[in-house]
Every structure is written in structure tokens, then in C-alpha cells.
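The values are calculated or read from the model by the stated rules, or taken from the named source; none is laboratory data. Just so it is clear, the model here is predicted, and its values are computed rather than measured. Note that each Cβ is placed from the backbone with ideal geometry, even for glycine, and that neighbours are counted across all protein chains shown. The area values use the complete protein model at the heavy-atom level, side chains included, leaving out ligands, DNA and RNA. Shrake-Rupley method; radii C 1.70, N 1.55, O 1.52, S 1.80 Å.
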Amino acid sequence: MHHGKYRFIVGFLTVPLGLYALFVVWPFIQSIYYSFTDWSGLSPEFKMVGFDNYTRLVHDDIFWKSLWHSLLFALVLPPVTIGLALFLAFMINVGGRRRKGGPVISGVRGSSFYKIVYFFPQVLSIAIVALLFAFAYNPDSGAINSLLRGVGLGSVQPLWLGDPGLALWCVMAVLVWSTVGFFVVLFSAGMASIPADLYEAALLDGASRATTFFRITLPLLWDTVQSGWVYMGILALGAESFAVVQIMTTGPGGPDYSTTVMVLYVYQKAFRDGQAAYATTIGVALLVVTLLFAAVVMRLGRRERLEY
């Protein structure tokens, strides 16, 4: 049975690993190489400049602002999104009261409908979501300020995306709204696989719903939560944050660079300013931040795996 096993495995892995190396690993290597040049991105000619781009990076105030904003995204968005998704998934699957003649463990009434509602933002393109919220945040005709006026709070009319102190938090709120549904469905699938006997035994012993969540649900879902945390952090550092900031904010990245994130700064330097080499330098820094984030989450989240 083992005859030719390794040739069989290698045969299946050669093509996907080759594609991964070609379209993922090789571009990373090219980016690191170009970060040591003065390439404009438009001309085939360039020369090596050593660490000049990295020296410039250290003294670039806008880069440090974008780094801080990206770190805020990575530190704030995953716990908020994952925490909210865990709560909603728990209520949908386990948090309902026992109904007469029904199972001991069940979700709230209408749980199937709620799953659809929570997942709905995933059906929409992130560009559409960003446009909708950009209209909603409009200080003059937007839905949010109109609602405030409608309930008698006409004196409370924030500028939202026009306020440097609020703009970044407004963008974060949109990212939470657009991604939480995916994790609700993901965690719901995980909770559905947990034996109901565990919950029934805990409830018979007098455990509260909160206790069953922290003592049963969370430990048994920990691997899924950890993977979701890393995935959400990558989204917060990458394409999702770029799309929302690019579409919603003034500048984009404003006002006064208050919403500029690293991935947007890479785009601006490469395609707006024609400084592709410097953009790849920022990209290398973003790669390091992303790898460090994933490594820290995986290290801090390491625990003994529970079986059931």
C-alpha cells in the first residue's frame, strides 16, 4: 500500500506549491529587492541605492501615522468583531430559553432568520458597503445626523468623516459591521458540532448561560477563534481597510492623514507619486507587521487542545 506513496504526494503538491511560489513567494522576494533601488515603477531603468529607502522610512512622519493607525486596526478590530460574533452565535445556537416540548438546548426564536440577517453584509461588495456608509455619515444629508435631528438631538451633529478625531473610528465601525456576519456563521457551525449533552449536564448542575459559554463553548471553539482572530487581523491590515479608507475618507486618508493606513500609503506612493521602490519598502514593513501579529496571536493563544 505504501509503494509509490511519496511520488503520489509529490505529484499532487507540485502544481499548487509551484503556483504559490510563483504568485505569492516570488512577488515578496521582488518587493524586498526593489526596496533597495530607486525604481519609479514606470521606467525599466533603476539603480541600487542601498538602505536609503529604509532611512527615509524611519524619518517619514506620515509613515509612522499610518503604522499607528494600522496597529489600532489590528488591536481593536479583531477583539471587537470576534467578541460580538461569539455573543451573537451563542445566542443563535445555545442562548434561547427552553420551550415547552422542545429541546433543552436551543437558540433564540427566529435564529435561522438572524443568521441570514447577520450574513447579509457578506453578500455585498466592500466597495458598496463603503459607499453606503459614506452617504450615511454625510453631516448634512446623511441618515445618521438626520436620525439625530428626528429624535430631537439637532444640536448634536458631528462631522463624522470630516472630524480627525472621529474619522478613524467611523471607518472601524464599518469594518466591524461588514465582517461580523462571516464570523457569526463560522462560530455557529462550530457550536453546532458541540454535543448538546455537555450543555444539558452543565445546566442540570446549575450552571448559568455565561458559565456554559466560558467553560464549554469557548474552550471547545478555541482553535476556530484563534484562526478567526488571525484572519480578522490580516483583513484589518490589508485589503478591507484599504477599500474602506480609499472610498469613504477625504483625500483619501484624511482629514490631515487621520485615517491613512499602511496599505493605503503603499498604494499612494506607488500609483499616485510614482515612487514604486519606496512603496515596496513600506510594503516590506507591512509584511513584517502582519507576520509579527500572526506570530503573537498564535503564541499567546496556544493552549492544550480539547477533544469531545
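At a glance:
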{"item": "Relative contact order of region 98-228, defined on C-alpha pairs under 8 angstrom at six or more residues apart (%)", "result": "24"}
{"item": "Portion, in percent, of the accessible area of region 1-91 that falls on carbon or sulfur, probe 1.4 Å", "result": "76"}
{"item": "Largest-first ordering by accessible area, 1.4 Å probe, given options ARG272, ARG302", "result": "ARG302, ARG272"}
{"item": "Rounded to the nearest 10 Å², the accessible area of VAL263 at probe 1.4 Å", "result": "30"}
{"item": "Rounded percent of accessible protein surface that carbon and sulfur make up, region 132-286, 1.4 Å probe", "result": "65"}
{"item": "The chain - Kirkwood radius from inverse mean 1/r over Cα pairs (Å)", "result": "22.6"}
{"item": "Theoretical gain in end-to-end length, LEU42 to LEU17 [0.36 nm per residue, Cα-Cα removed]", "result": "5.9 nm"}
{"item": "Net charge over other residues, Cβ less than 10 angstrom from the Cβ of GLY41 (K, R count +1; D, E count -1)", "result": "0"}
{"item": "Local net charge near MET191, Cβ-Cβ under 15 Å (Lys/Arg +1, Asp/Glu -1)", "result": "0"}
{"item": "FRET efficiency, 1/(1 + (r/R0)^6) with R0 51 Å, evaluated for VAL156 and LEU198 via beta carbons", "result": "0.60"}
{"item": "Where SER66, SER40, SER155 fall by accessible area, highest first, once all protein chains stay in place (1.4 Å)", "result": "SER155, SER40, SER66"}
{"item": "Exposure rank, largest accessible area first [THR280, THR211; 1.4 Å]", "result": "THR211, THR280"}
{"item": "The chain, accessible area per residue, ligands and nucleic acids excluded (1.4 Å, Å²)", "result": "57"}
{"item": "Sum of side-chain charges, ILE62 neighbourhood, beta-carbon under 15 Å (Lys, Arg +1; Asp, Glu -1)", "result": "0"}
